[in-house]
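Below is one structure; the comments refer to it alone.
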Amino acid sequence: MDQQEQDAVRCVAVDLGAGSGRVIVAELKDGLIGLTEVHRFTTPLGHDAATGHDVWDSDLIVANVREGLEKAAAIAPVTSVGCDTWGVDFVLLDERREKVGLSVAYRDGRTAGLMDEVFADMPPAEIYRRTGIHFQPYNSLYQLRATAKQHPDWLERARHLLFTPDYLHFALSGEIRNEYTIATTSQLLSLESGDWDGDLLRIAGLKRALMKTPVAPGTVVGEVRLANAARPIKVIAPGSHDTASAVAAAPIASGREAFVSSGTWSLMGIESERAYTGELARRLNFGNEGGVAGTYRVLKNLMGLWLIQRVRKELGDPGFSEVVAAAAAAPAWRTLIDPDDIRFLNPPSMVEAIAAFAAAHGEPAPVGLGAIGRCIFDSLALDYAHVKGELEQLTGQPIDTIRIIGGGSQNALLNQLTADACGVPVTAGPVETSALGNACLQMIALGAMSSLAEARAIVSRSFPLGEYTPKNAVPDAARSRFARLKTAAVAA
C-alpha cells in the first residue's frame with residue numbers, strides 16, 4: 001500500500017431505495033470527501049402468486065450488496081460498510097436465523113382498513129403521544145397487524161424481527177441488531193424511552209422477545225470477511241433509515257431551514273432538538289422520526305417523484321431529462337392534483353389515476369408527457385409550499401430557506417418552481433446525501449471525523465450547491481385551487 005492509500009479513509013455506503021440500490025465507496029482525504037459508485041442494481045420487487053402480495057426479493061438484494069462490497073474491496077482497502085434503506089419494511093427470522101414467510105413491500109394493499117381496527121384498540125391520539133410518529137397505512141404497526149391476521153404462522157415461528165437495513169447488517173455480519181432511526185419509522189417505539197412500547201407490540205401481534213433494544217446510529221455491529229479483502233471489514237449501522245442519513249449530510253444551518261429529501265418520496269421537514277407531539281402536530285400529521293446526534297426529524301412523507309417514475313414506465317420510459325424538458329414547455333398551473341392522495345400510492349395505472357383525480361375535482365385532464373409532468377411538478381411545488389406553511393404554524397417561526405437534497409435535487413424545473421411557490425431561496429444538493437450521511441456516520445464511529453458539525457462542513461466543502469431564488473409569482477387562483485384540493489382531502 002502506498003502512502004496515498006494509507007492517508008485516505010475509505011468506507012462503503014450501501015444506499016437502498018425502493019427503485020434502485022447503490023454501493024458507493026466514500027473516501028476522506030485532505031479534508032474533502034468523494035464518492036465513487038461501484039455497483040448499482042434495480043431493487044427487486046415482485047409479486048407472489050400464492051399469497052397475492054407484492055414482495056421484496058431479499059436474497060437478491062443481499063447478493064447485490066455482497067457483489068458491490070467485493071467490487072469495492074477489489075479497488076482499494078475499505079475499513080467499514082453500512083447500509084441504509086427506506087423505512088417500515090422488515091424480515092422475520094426463525095430460531096435457526098432463517099427467513100420466515102415473505103418480505104412484503106409497503107405498497108402492498110394488505111393493510112387496507114387496519115388503521116381503524118388498531119384505533120379501536122388504542123385511540124390515535126394515544127398512539128401519537130407515545131410514538132410521535134405520523135399515521136400512514138404502511139407503517140409497520142399496521143403491516144404487522146396484517147401479518148398477524150393473514151399469516152399468524154409466520155409470527156408463531158419468528159424469533160427475530162429485523163427491519164430491512166438491520167437484515168442487511170445481519171446478512172453481512174451474522175449479528176442481530178435493531179437500529180434506532182429505522183426503528184422509529186415503525187410506530188412501535190416509545191418516544192420517551194427509545195425502546196419498544198409493549199402495548200403497541202401486543203396490538204401489532206408481536207412478542208417483545210422478537211425485538212432488540214435499538215442501538216444508536218454509528219454503532220459497530222460486527223464485521224464481515226471477504227475472500228478478496230486482507231482484513232475484516234467493520235459493519236457499522238449508520239442512520240439506517242435513508243432519510244436519517246440524508247439529513248445528517250444536509251447543509252442545515254438553523255431551525256429556520258427546511259429540508260426536502262427528494263426521491264421516490266419527498267420527505268419535508270426540519271431538524272429539531274425537540275419533538276412536537278401536541279394536538280396541532282397530530283392534526284397536521286407530522287412525524288417525529290429519530291435522527292442522529294439526539295435530534296428529531298419533524299417531517300411529513302409526501303408522495304414525491306414516485307408519480308413521475310410510474311408515468312415514465314407507462315409512457316415508454318422516456319429519460320428523466322426528456323420529461324423535465326417536456327414539462328417545462330407545457331402550460332403552467334393548468335392541472336393540479338393532491339400528490340398525497342391515497343389513490344396514487346400504488347394504482348394499476350398512474351396516468352389513469354391522475355386523470356380520474358382531475359375529473360373528480362373539476363381539473364382539466366392532462367394529456368401527454370409534458371402536460372402530465374407539468375401537472376406533477378406544479379402540484380409538488382405547491383405541496384411543498386403547503387407544508388412550509390404548516391411548519392411555520394407548528395414551530396411559530398418562519399422558514400427562510402428550503403434545502404432540497406437527494407436525487408430529485410437535480411430537477412432544475414422543480415427546484416425553481418419550489419422557490420417560486422415557497423417564496424424563499426432554495427438550495428439544491430448534494431445528490432447522494434443518503435450515501436454521504438451514511439459514510440460520515442461511519443467515519444465518526446471510526447474517529448476520522450469528530451462530530452456531525454465537522455461532517456457537514458466537510459460535505460459542504462466537497463459538493464457545491466445549486467441556488468434558486470423566487471422569480472415568477474404563482475397565480476393566486478392556482479394557490480386557491482390547490483388549497484381546495486387539500487381541504488377536500490382533510491374532509492374525506
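Tell me which residues, restricted to segment 89-116, are out of contact with any Pro (no Cβ under 7 Å at 6 or more places or on another chain), in contact (Cβ under 8 Å) with a residue 24 or more places away in the chain and closer than 16 Å to Ile342 by Cβ.
Correct list: Tyr106, Arg107, Asp108, Gly109, Arg110, Ala112, Leu114.
In segment 47-70, which residues are in a strand (DSSP E or B) and either touching a helix residue (DSSP H, G or I) at 6+ places or on another chain (Cβ under 9 Å) or open to solvent by 70 Å² or more (accessible area, probe 1.4 Å) (or both)?
The answer is His47, His53, Asp54, Trp56.
Taking the stated definitions as given, is Glu126 free of Cβ contacts under 8 Å to residues at least 24 places away in the same chain and not β-branched (Val, Ile, Thr)?
For Glu126, the condition - free of Cβ contacts under 8 Å to residues at least 24 places away in the same chain and not β-branched (Val, Ile, Thr) - is met.
Find the helices (runs of 4 or more DSSP H) located wholly in segment 301-419 whose residues include 2 or more that are more than 30 Å from His241 (Cα to Cα), and list them.
320-329, 350-360, 369-395
With (1) open to solvent by less than 50 Å² (accessible area, probe 1.4 Å); (2) at pLDDT below 95 as the list, and Pro464 as the residue in question, which single condition is left unmet?
For Pro464, the exception is condition (1).
Show me the helices (runs of 4 or more DSSP H) entirely contained within segment 113-199 in which 1 or more residues are among the hydroxyl-bearing types (Ser, Thr, Tyr) and on the phi < 0 side of the Ramachandran plot.
Counting at least 1 such residues, we get 124-131, 140-150, 164-173, 180-184.
Please specify each residue of segment 134-180 satisfying the condition of being open to solvent by 10 Å² or more (accessible area, probe 1.4 Å) and under 15 Å from the mean Cα position of the chain (by Cα).
Selection gives Gln136, Tyr138, Thr164, Tyr180.
From the list Leu369, Leu345, pick out the single residue that is over 26 Å from Ala250 (Cβ atoms), surrounded by 19 or more Cβ atoms within 10 Å (Cβ to Cβ) and not aromatic (Phe, Trp, Tyr).
Leu369
Would you be able to say whether some residue in segment 22-39 is touching an Asp or Glu at 6+ places or on another chain (Cβ under 7 Å), open to solvent by less than 60 Å² (accessible area, probe 1.4 Å), assigned to a loop (DSSP other than H, G, I, E, B) and at pLDDT 95 or above?
No, because not a single residue in segment 22-39 is touching an Asp or Glu at 6+ places or on another chain (Cβ under 7 Å), open to solvent by less than 60 Å² (accessible area, probe 1.4 Å), assigned to a loop (DSSP other than H, G, I, E, B) and at pLDDT 95 or above.
The values are calculated or read from the model by the stated rules, or taken from the named source; none is laboratory data. Bear in mind the structure is a predicted one, so any value in this text is a computation, not a measurement. We place every Cβ from the backbone using ideal geometry, glycine too, and count neighbours over all the protein chains shown. These accessible areas exclude ligands, DNA and RNA; they are computed on the full protein's heavy atoms, side chains included. Shrake-Rupley method; radii C 1.70, N 1.55, O 1.52, S 1.80 Å.
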